[in-house]
1. Go through the stretch 71-86 and give me each residue that's in contact (Cβ under 8 Å) with a residue 60 or more places away in the chain and assigned to a loop (DSSP other than H, G, I, E, B).
2. Tell me yes or no: at least one residue of the stretch 203-219 is crowded, with 16+ Cβ neighbours inside 10 Å and at pLDDT 95 or above.
3. Of (1) surrounded by fewer than 15 Cβ atoms within 10 Å (Cβ to Cβ); (2) in a strand (DSSP E or B), residue 44 satisfies all except one. Which?
4. Do you know which residues across the stretch 47-70 are part of a loop (DSSP other than H, G, I, E, B) and farther than 18 Å from residue 126 by Cβ?
5. Hey, among 187, 236, which residue is under 24 Å from residue 20 (Cα atoms), out of contact with any helix residue (DSSP H, G or I) (no Cβ under 6 Å at 6 or more places or on another chain), assigned to a loop (DSSP other than H, G, I, E, B) and modelled with pLDDT of 95 or more?
6. Would the stretch 133-143 turn up any residue that is modelled with pLDDT under 85, touching a helix residue (DSSP H, G or I) at 6+ places or on another chain (Cβ under 8 Å), assigned to a loop (DSSP other than H, G, I, E, B) and buried (at least 18 other Cβ atoms within 10 Å of the Cβ)?
7. Filtering the stretch 64-84 down to residues that are within 22 Å of the chain's Cα centre (by Cα) and at pLDDT 95 or above, which residue is surrounded by the fewest Cβ atoms within 10 Å (Cβ to Cβ)?
8. Taking the criterion of being crowded, with 19+ Cβ neighbours inside 10 Å, at pLDDT 95 or above and either in contact with a helix residue (DSSP H, G or I) (Cβ under 6 Å, 6 or more places away or on another chain) or closer than 30 Å to residue 219 by Cβ (or both), would at least one residue in the stretch 101-118 satisfy it?
């Protein structure tokens, strides 16, 4: 049975189903990846966007019935962007009764000073924001840092790294920071963006747009997002299929010697039984596979 959140209006049946679906996916991610443990102090990084609002809502909901005890604190970084409505988040969070803190740090002027006009600001902005949040976490006994990245963000990052970085790498659901001091979790890792958009609209969150980087035209991430949206329209379920691939990696059928010891594979007579990792058991272009490819897809694969 879905329990209503404090601060939420009386929900419809459709909303209850949507909320239950989100709750199930977030709970599954937390369990699968061991994201939250008994006694954790979880810092929810709240940007004012639909994703982080939804993350906070669902974690509050899970906290009511979780078999373990954990604390939540919402933290926002006020980067001193022109026109940033500094009163929105404190007013919203105060009404919910959620412990919160606003970090004030003028990263906007730093980014504007360092990044040439017309260049993408997101990289530097992200690093400065991460540094400020890590510092707060270290000083306040935070054991987990929760970010609002969802399934579609993870898939987009895979293609960004592939197209522009030459790396087969996405966002992990859980990671330890480079200095080893912090554990970052992404409880929305299994959640499609479409569900979050519907939920945010139903909850009527006071959305704060990102005027620093979100307003920049022709961002690489936006181009990848548009590409994936086109694929999804043409072949519904493709994003989910790609995400499933991220979760089922066969290192022996890629080409990274750091992940698989190709040099250890020696020639010799074959043995009966199932093919071993590193053999030619993987599907080649044109082979029959489980996926329902159409004729056009097969022609492309064989070319």
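The values are calculated or read from the model by the stated rules, or taken from the named source; none is laboratory data. All values reported here derive from a predicted model rather than from experimental measurement. As a convention, Cβ positions derive from the backbone with ideal geometry for all residues, glycine included, and neighbour counts pool all protein chains shown.
1. Step one: of the stretch 71-86, the residues in contact (Cβ under 8 Å) with a residue 60 or more places away in the chain are 73, 75, 79, 81-85.
Of everything in the stretch 71-86, those that are in contact (Cβ under 8 Å) with a residue 60 or more places away in the chain and assigned to a loop (DSSP other than H, G, I, E, B) turn out to be 79, 81, 82, 83, 84, 85.
2. yes
3. (1)
4. The answer is 66, 67, 68, 69, 70.
5. On the way: 187 fails: out of contact with any helix residue (DSSP H, G or I) (no Cβ under 6 Å at 6 or more places or on another chain).
Only one candidate qualifies: 236.
6. no
7. In this case the residue turns out to be 71.
8. As a first pass, look at the stretch 101-118 and keep what is crowded, with 19+ Cβ neighbours inside 10 Å: 107-108, 111.
Now drop any that are not at pLDDT 95 or above, which leaves none.
Among the residues of the stretch 101-118, not one is crowded, with 19+ Cβ neighbours inside 10 Å, at pLDDT 95 or above and either in contact with a helix residue (DSSP H, G or I) (Cβ under 6 Å, 6 or more places away or on another chain) or closer than 30 Å to residue 219 by Cβ (or both), which makes the answer no.
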